[in-house]
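The structure appears right after this line, and notes come after that.
The values are calculated or read from the model by the stated rules, or taken from the named source; none is laboratory data. In this text the structure is predicted, and so the values were computed from the model without any measurement. All Cβ positions, glycine included, derive from the backbone under ideal geometry; neighbour counts span all protein chains shown.
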Amino acid sequence: MPPTEQNGSNRTLERAAAILDAVGRSAVSASELSRRTGLSLSTAHRLALQMVDYGFLRRTEGGTFRLGQRFVRSALENVALPVLHELRDRTGETAQLWVRRGDERVCLISADSRHELRATLPPGSRLPLPAGSSGRLLAADDEVLAELASAGWIESVGSRTPGLGSISAPVQTDEGIIAAVCLAMPLARVTGSPGQDHGAVVVEAARRIEEAVREGR
């Protein structure tokens with residue numbers, strides 16, 4: 001790497017580290033980030049927004065910044081894993097946990113269906129937003145928010161992959177939607193629709209994860 005490029009990378013890392021130190025465990029405004037780090041307001045705000053895209057920070061409804069899901073992911077996964085296994089066992093279908101990363105969604109956990117014919121993607125899989133029920137939910141446009149207010153879940157019927165359907169419910173904290181619980185299945189095993197068949201249990205699973213995250217378990 002040329003010296004100038006290396007110096008530029010080091011400077012960016014130093015600034016990102018300074019912002020993380022400034023945020024700590026509190027909610028911090030861009031102006032406070034600027035004051036604590038010595039960066040200009042525009043630079044602090046720009047870097048903080050970029051760090052939101054990569055999950056290092058998250059932005060609250062009030063516009064302040066907190067540590068992002070990369071720092072609480074293990075706790076989220078720990079509380080979600082047994083819930084997803086139980087959801088899989090109750091429904092017979094694949095239960096997953098997805099989070100947003102920029103313009104994509106990333107699968108953190110997949111408790112795969114034991115059926116030979118099943119819908120599955122391995123943990124670490126990335127898909128563009130807003131494809132699928134989890135993609136629509138994590139993109140959270142006005143239409144999706146209206147559907148959530150009405151039903152509590154979002155469904156997809158063959159829209160991303162023909163022959164497959166899914167239903168997703170949000171895991172929400174005071175900071176908004178932090179993850180999506182998704183139940184994915186072949187449409188051959190759907191009686192009414194993914195939401196009609198499994199909506200209640202998927203919403204229940206998402207609420208259980210929410211409660212555990214809030215309680216810090």
- Message: Anything in region 64-101 that is at pLDDT below 90 and small (Gly, Ala, Ser)? List them, or say none.
- Response: 68, 74, 75
- Note on the structure: The lone condition residue 65 fails out of (1) more than 14 Å from the chain's Cα centre (by Cα); (2) surrounded by fewer than 19 Cβ atoms within 10 Å (Cβ to Cβ); (3) within 25 Å of residue 17 (Cβ to Cβ) is (2)
- Provide a single number: the residues in region 121-155 that are out of contact with any Phe, Trp or Tyr (no Cβ under 9 Å at 6 or more places or on another chain), surrounded by 15 or more Cβ atoms within 10 Å (Cβ to Cβ) and more than 19 Å from residue 103 (Cα to Cα). 5
- Message: So, restricting to helices (runs of 4 or more DSSP H) that lie completely within region 10-106, which ones have at least 3 residues that are charged (D, E, K, R) and under 22 Å from residue 135 (Cβ atoms)?
- Response: 69-91
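Scanning region 170-188 for residues that are more than 16 Å from residue 129 (Cα to Cα) and in contact with a Gly (Cβ under 8 Å, 6 or more places away or on another chain), which turns out surrounded by the most Cβ atoms within 10 Å (Cβ to Cβ)?
184
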